[in-house]
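Notes follow the structure.
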Amino acid sequence: MNLTYYEELGVQPDATDEQIRHAYRNVAKKLHPDVNPGMGAWADAQMKRLNVILETLTNPSKRRQYDDALKARKPYEPKAEPEPVAPRSPAQKHTWMDIMTAAEAARRLMLANRERGTAQFDALLRIYPNEPMVVYKRGEALADLGERELAKRDFTIAAARFPIEKWRRIARAAAQKLS
């Protein structure tokens with residue numbers, strides 16, 4: 001995913017020079033080679049990129065050229081209504097690995113006890129309504145149980161929802177395998 005210079009610094013496109021410099025300093029503190037020992041080459045490359053970003057965004061003519069190029073590359077598209085997501089407190093925040101682990105546990109439970117496994121998947125889908133890994137794992141369980149059509153449906157849904165192309169290909173391949 002290519003981020004814009006504004007996104008890399010975490011500022012709005014209409015940010016002032018002062019805000020850009022402040023954001024630059026905050027990001028530089030995290031990427032500086034002295035803060036990342038053992039990753040010197042990577043940190044140097046990141047700092048060079050960060051310096052180019054600062055030079056581009058603080059020079060009015062370079063910034064105007066960058067903004068024009070950015071507008072040409074990204075035509076305006078009205079945003080769709082965002083799907084409502086239940087707010088989570090920091091204590092409830094789960095990583096993708098946590099979600100995948102829970103989905104795998106539900107898959108195994110479904111193979112041992114279909115009713116309890118189905119209930120577990122329903123609970124996971126209530127908590128994570130748009131999480132493709134939960135749907136994908138449910139599809140794996142259904143495929144193992146011989147429910148080919150239901151499994152194919154889940155694989156197809158997961159392929160449409162996965163944000164990463166690698167996982168999309170895996171889900172599509174699983175759906176085609178059942179065809």
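Values quoted throughout were computed directly from the atomic coordinates according to the rules given, and no laboratory measurement underlies them. Every value quoted in this text rests on a predicted model; they were computed, and no experiment measured them. Backbone-built Cβ (ideal geometry, glycine too); neighbour counts: all protein chains shown.
Dipole size in debye (nearest 20) for the chain around its Cα centre, Lys and Arg Cβ +1, Asp and Glu Cβ -1?
Using only the charged Cβ atoms, the result is roughly 380 debye.
At 0.36 nm per residue, minus the direct Cα-Cα distance, what do Arg126 and Gln65 gain on full extension? Give it in nm, one decimal, please.
17.3 nm
Please list, short to long, the whole-number percent of alpha-carbon pairs of the range 98-178 in consecutive 5 angstrom bins beginning at zero.
3, 19, 28, 27, 18, 5, 0
Which percent of Cα-Cα pairs in the chain sits in each 10 Å bin, short to long?
Distribution as computed: 9, 24, 21, 22, 17, 7, 0 percent.
How much length is gained if the chain between Arg21 and Thr58 is pulled fully straight, taking 0.36 nm per residue apart and subtracting their Cα-Cα distance, in nm to one decimal?
In short, 12.5 nm is gained.
Report the semi-axes of the equivalent ellipsoid for the range 5-73 in whole Å, largest first, where each axis is √(5λ) for an eigenvalue λ of the Cα gyration tensor.
24, 13, 9
In the chain, which longest range has no trypsin sites (Lys or Arg not before Pro) that are both DSSP loop (not H, G, I, E or B) and surrounded by at most 16 other Cβ atoms within 10 Å?
Here the longest run is 94-179.
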